[in-house]
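Please read the structure below before turning to the comments.
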Amino acid sequence: MDERTFGRSGQHASVVGLGTWQLGADWGDVDDKEALAVLEAAAESGVTFFDTADVYGDGRSEQTIAAFLSGRPDLHVLVATKMGRRVEQIPENYVLDNFRAWNDRSRRNLGVDRIDLVQLHCPPTPVYSTDEVFDALDTLVEEERIAAYGVSVETCAEALTAIARPNVASVQIILNAFRMKPLREVLPAAQEAGVGIIARVPLASGLLSGKYTKDTVFPENDHRTYNRHGESFDVGETFSGVDYTTGVEAAAEFSALAPEGYTPAQLALRWIVQQPGVTTVIPGARSPEQARANAAAAKLPPLTDETLTAIRDLYDRRIKEQVEARW
């Protein structure tokens, strides 16, 4: 699979990576054997970028990745984790002592002395403008606890603030066919600055797979049930902030645009891969079959201008008004 470079850090990632939120929690139950099989299928399909967080299953996702990689010393996978969501979300908690403690825990979970990439995990907005926060992250690099750092953001404004920081290697942001604002406001700035873009929630929490209907019922421990209105965290993380009924209807239109040989999910991923400035896209996978199908999107023929125009038209008609003002 093709790899792209995080400009400032020089690190490389496959254009389709693997998001591992679902291997920890919040998407229903996934047993350890199935989780390891997902990681194996992704790696065998050419994926060289795993994205996790200390809060996914309270460390379970990190530990699962460590268990997998310990048995596969032949693999060269860039592992990115996140920190900051295990405490009260106030700017005062984003200080060096806490960073060291969170980093110690993640390094133990991952079984490494130095983590490839650590990202602030959608912290309070003032954090992105606080010099001391980035001084502390620079200290973690100097202490060789981490090789590089980035941020995960909710809004385009937060992304632009982070990109202006000289040592930010990457910005992780929601980008998909139902969330296009970053194409206009974030990706050009990131390209100019040499900052990598990690596109998350690429299938709009599964909507863009075309598998769901208005009558679909998700498990109680799935965020698509308990966070549908932002009860537990930013609602933009669930269905990209799109009203579920609208999303299902728009997803049916989206699915009809898939060229021959593409599944709707592969259409969604291929669309992201083609956007200038994207370094990697990180779909999750609940099964080895999903992991292989996601990775295969990287090798599909580029989408035509006609298909790209139709996707943009769908967004403008059905989605834009719901999401652009907020994120």
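The values are calculated or read from the model by the stated rules, or taken from the named source; none is laboratory data. As the structure is a prediction and not an experimental result, all values here were calculated from the model. We place every Cβ from the backbone using ideal geometry, glycine too, and count neighbours over all the protein chains shown. These area figures cover heavy atoms from the full protein model, side chains too; ligands, DNA and RNA do not enter into them. Shrake-Rupley method; radii C 1.70, N 1.55, O 1.52, S 1.80 Å.
Under the convention that each Lys and Arg Cβ holds +1 and each Asp and Glu Cβ holds -1, the size of the dipole of the range 37-193 around its Cα centre is about 440 debye.
Accessible surface calculations at 1.4 Å, restricted to protein heavy atoms, place the chain at 41 Å² per residue.
For the pair Glu260 and Glu321, the difference between a 0.36 nm per residue extended length and the Cα-Cα distance amounts to 18.9 nm.
What net charge do the residues around Cys122 carry, taking every other residue with its C-beta under 12 Å from that of Cys122, with Lys and Arg at +1 and Asp and Glu at -1? Intermediate values should be presented prior to the final figure.
Values: positive: Lys82, Arg85, Arg200; negative: Glu154, Glu158, Asp234, Glu237.
Result for the local shell: -1.
For Gly284, the amide hydrogen comes within under 5 Å of the amide hydrogens of Gly19, counting only partners 5 or more places away or on other chains and with H modelled in the peptide plane. Cα centroids of the range 109-142 and the range 211-289: 29 Å apart.
Under a 5 Å amide H cut-off, with hydrogens placed 1.01 Å from N, Ala53 pairs with Glu62, Lys82 among residues at least 5 apart or on other chains. Computed over all pairs of different Cα atoms, the Kirkwood value for the hydrodynamic radius of the range 1-158 is 16.1 Å. Excluding same-chain neighbours fewer than eight residues apart, the lysines reachable from Lys299 by a Cα-Cα span under 27 Å are Lys181, Lys211.
About the Cα centre of the chain, what is the dipole size in debye to 20, counting +1 per Lys and Arg Cβ and -1 per Asp and Glu Cβ, all else neutral?
Details: 32 positive and 48 negative charges, 100 e Å.
Dipole size: approximately 480 debye.
Restricting to bridges with both residues inside the range 144-219, how much of the DSSP beta-bridge set is antiparallel, in percent to the nearest 5? In the range 144-219, approximately 10 percent of DSSP beta bridges are antiparallel ones. Count Lys and Arg as plus one, Asp and Glu as minus one, and take only other residues whose Cβ is under 9 Å from that of Asn109; the net charge is then +2. What the Cα convex hull of the range 211-319 gives, in volume per residue, is 127 Å³.
Per-residue ellipticity at 222 nm, computed for the chain from helices alone with -39500 (n - 2.57) per DSSP H run of at least four residues, works out to -10500 deg cm²/dmol.
Give the residue from Val95, Leu203, Ala67 lying farthest towards the positive end of the charge dipole for the chain; charges sit on Cβ (+1 for Lys and Arg, -1 for Asp and Glu) and the dipole is referred to the Cα centre. About the Cα centre, the residue reaching furthest to the positive side is Leu203. Partners of Lys214 within straight-line reach, counting aspartates and glutamates whose Cα lies under 16 Å from its Cα and excluding those fewer than 8 residues away in the same chain: Asp243, Glu249, Glu253.
Using mean Cβ contacts within 10 Å as the protection proxy, how do 90-98, 141-149 order, highest first?
My ranking of the peptides, most packed first, is 141-149, 90-98.
Each Lys or Arg adds one and each Asp or Glu subtracts one; over the other residues with Cβ under 15 Å from the Cβ of Arg184, this totals 0. In this structure, the amide hydrogen of Ile115, modeled 1.01 Å from its nitrogen in the peptide plane, lies closer than 5 angstrom to those of Ile146, Ala147, counting only residues at least 5 positions away or on a different chain.
For the chain, with all protein chains in place and a probe radius of 1.4 Å, 48% of the accessible heavy-atom surface sits on carbon or sulfur. When you count the other C-beta atoms within 10 angstrom of each residue and take the mean per peptide, 298-310, 259-271 line up highest first as 259-271, 298-310. The phi torsions of the range 10-17, fed into the Karplus equation with coefficients 6.51, -1.76 and 1.60 and a -60° offset, translate into couplings of x, 6, 10, 9, 4, 5, 10, x Hz, rounded to whole numbers, with Gly and Pro shown as x. Report the one residue of Gly277, Pro301, Ile311 whose Cα lies farthest in the direction of the positive end of the charge dipole of the chain (charges on C-beta: Lys and Arg +1, Asp and Glu -1; origin at the Cα centre). Sorting the options by dipole projection puts first Pro301. Taking every Cα-Cα distance in the range 88-216 and sorting them into 10 Å bins from zero, the calculated P(r) comes out as 12, 38, 31, 15, 4, 0 percent.
Which whole-number percent gives the relative contact order of the range 57-174, counting Cα pairs below 8 Å spaced six or more residues apart? Write down the numbers at each step before the final one.
Values: 150 pairs, mean separation 29.0, N = 118.
Relative contact order for the range 57-174 comes out at 25 percent.
Note on the chain: with a GNM built from Cα contacts shorter than 10 Å, the maximum mean-square fluctuation among Arg179, Arg100, Arg200 falls on Arg100. With the simple model of a label 7 Å out from the Cα in the direction of the Cβ, Thr125 to Thr216 spans 3.1 nm. Computed over the chain, relative contact order equals 22 percent, with contacts defined as Cα pairs under 8 Å that lie 6+ residues apart.
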